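Notes to accompany the following structure.
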Amino acid sequence: MVAVVPSAMEKKAQTMKQYPRVAVVILNWNGRFFLEKFLPAVYNSNYPNVEFVVGDNASSDDSIQFVTTHFPTVRIVRNTSNLGFAGGYNEVLKAVDADYYVLLNSDVEVTPNWIAPVIELLENHPDMAAAQPKIRSYYQRDHFEHAGAAGGFIDHYGFPFCRGRMLHVIEKDNGQYDDACEVFWASGAAFFIKRHCWELSGGFDADFFAHMEEVDLCWRLKLAGYRIGYCPQSVVYHVGGGTLAASNPKKTYLNFRNSLFMMQKNLPFLQAVWVIFARMWIDFIALAHFLIAGKPKDAWAISRSHQRFFLDFFKTAKKRKRHNQKFGTKGIYHGSFIWAFYVHGKAYFSQLNPRNFL
């Protein structure tokens with residue numbers, strides 16, 4: 001009897017069947033510089049069953065021409081206008097077929113084996129919808145990075161923070177957060193999500209445009225009974241501020257506005273009423289701080305965010321859904337982490353009282 005030896009193509013097909021299908025999707029808007037710098041490492045990622053997609057938000061530079069010339073096997077999905085981070089991904093992912101979506105910022109440098117550990121974590125936990133890798137700073141490579149660090153949380157008043165990053169204090173990575181764990185939100189800089197969970201949730205809220213949309217999505221997934229994870233075995237390096245700088249008044253506007261939208265959508269009604277009321281007074285303190293610091297545009301951005309919140313109040317109210325609230329509160333810090341930071345001097349996540357997390 002003659003033994004049948006599989007061909008190289010057959011072996012490759014058998015290997016790919018053992019791995020879930022992953023689509024790494026980079027949303028681009030005039031990002032030629034970052035694509036040229038970071039796409040080669042993404043393209044050479046060590047994962048056998050992966051497709052690379054660049055979704056374009058109607059760029060006016062030559063970034064897409066660069067990709068098609070130098071990476072002809074990378075698929076291009078074009079939006080007809082700039083739909084922002086939220087709307088842009090919603091539209092692009094309609095054209096992507098995979099078991100897992102990986103939403104990757106164009107200003108992220110990946111390591112060769114960054115995909116498999118996160119996929120393995122999600123595969124091993126059927127109730128885990130999304131996860132993120134460890135995110136370090138591209139410029140300070142032994143430190144965490146602002147947008148995600150070692151997993152995201154929020155406090156009682158809707159302010160996000162991370163393990164490894166509290167306000168402007170960013171920790172050095174000494175292995176203190178090398179435990180895979182459940183978090184409240186996963187960073188949009190390198191966001192892994194199961195396709196069926198993306199479709200179940202409806203994806204991002206396009207009205208957010210950019211900023212906080214991943215926090216809102218994770219909150220909605222948690223309300224539906226899913227968990228969000230952090231995987232330290234996967235490491236990426238994020239530049240940060242590639243589209244909007246941290247000091248940009250538009251970013252201030254989006255962060256403050258979207259935070260109010262998010263709480264109105266996801267908190268129980270009575271809790272939302274008094275928490276948003278308290279949050280607005282906290283925002284007024286921030287507004288006064290910007291004025292004293294000589295940043296009137298940022299102060300005006302906060303004022304505009306409140307105006308827009310009230311103008312869109314009934315539109316946002318229609319997005320509220322009935323969910324089991326016991327699932328949606330795990331990971332929320334009971335109290336103000338800003339108060340803990342400035343009044344009690346707790347500048348590191350590890351200094352927060354674990355009992356204050358609901």
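Being crowded, with 18+ Cβ neighbours inside 10 Å and either under 24 Å from residue 339 (Cα atoms) or in contact (Cβ under 8 Å) with a residue 40 or more places away in the chain (or both) is the requirement here; does residue 273 meet it?
In short, no.
Could we say that residue 123 is assigned to a helix (DSSP H, G or I), without any contact (Cβ under 8 Å) to a residue 24 or more places away in the chain and of a type outside the set (Ser, Thr, Tyr) here?
The answer is no for residue 123.
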- Message: Please list, ordered by residue number, the strands (runs of 3 or more DSSP E) wholly in region 1-94 having 3 or more residues that are under 23 Å from the mean Cα position of the chain (by Cα), farther than 26 Å from residue 111 by Cα and at pLDDT below 95.
- Response: none
- Does region 79-116 hold any residues that are hydroxyl-bearing (Ser, Thr, Tyr) and crowded, with 19+ Cβ neighbours inside 10 Å, and which are they? 89, 100, 101, 106
- Count of residues meeting criterion [surrounded by 14 or more Cβ atoms within 10 Å (Cβ to Cβ) and closer than 16 Å to residue 338 by Cα] in region 285-307: 2
- Close pairs from region 133-148: first under 13 Å from residue 189 (Cα atoms), partner aromatic (Phe, Trp, Tyr), Cβ under 7 Å, at least 6 apart: 133/114; 135/144; 136/144; 136/237; 137/144; 137/237; 138/237
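Do we have residue 141 as in a strand (DSSP E or B), on the phi < 0 side of the Ramachandran plot and assigned by TED's automatic domain parsing to the domain that holds residue 101 here? Give the steps one after another, and end with the answer.
Working: in a strand (DSSP E or B): no; on the phi < 0 side of the Ramachandran plot: yes; assigned by TED's automatic domain parsing to the domain that holds residue 101: yes.
When the stated conditions are applied, residue 141 does not pass them.
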- What pairs come up if the first residue lies in region 311-326 and is among the hydroxyl-bearing types (Ser, Thr, Tyr), the second is at pLDDT 80 or above, and their beta carbons are under 7 Å apart, counting only those six or more places apart or on different chains? 316/261; 316/264; 316/265
- Consider residue 132 carefully, then state whether it is closer than 13 Å to residue 230 by Cβ and either modelled with pLDDT under 95 or among the polar types (S, T, N, Q) (or both). yes
- Query: Just one of the numbered conditions (1) touching a helix residue (DSSP H, G or I) at 6+ places or on another chain (Cβ under 9 Å); (2) in contact (Cβ under 8 Å) with a residue 24 or more places away in the chain is not true of residue 278; which one?
  - Reply: (1)
- Within region 176-195, identify whether any single residue is over 28 Å from residue 277 (Cα atoms) and in contact with a Lys or Arg (Cβ under 7 Å, 6 or more places away or on another chain), and answer yes or no. yes
- Which members of region 311-331 meet the condition of being surrounded by 15 or more Cβ atoms within 10 Å (Cβ to Cβ) and either modelled with pLDDT under 95 or within 23 Å of the chain's Cα centre (by Cα) (or both)? 316, 319, 323, 327, 328, 329, 331
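When the residues of region 256-276 are narrowed to those that are under 24 Å from the mean Cα position of the chain (by Cα) and of a type in the set (Phe, Trp, Tyr), which ends up farthest from residue 313 (Cα to Cα)? Step through it out loud before you land on a result.
Going through region 256-276, the residues under 24 Å from the mean Cα position of the chain (by Cα) turn out to be 256-268, 272, 275-276.
Adding the requirement that they be of a type in the set (Phe, Trp, Tyr) leaves 256, 261.
Values: 256: 15, 261: 8 Å.
If we take residues in region 256-276 being under 24 Å from the mean Cα position of the chain (by Cα) and of a type in the set (Phe, Trp, Tyr), then 256 is farthest from residue 313 (Cα to Cα).
The values are calculated or read from the model by the stated rules, or taken from the named source; none is laboratory data. Here the structure is a predicted model, which means the values were calculated and not measured. All Cβ positions, even for glycine, are placed from backbone atoms using ideal geometry, and neighbour counts span all protein chains on display.
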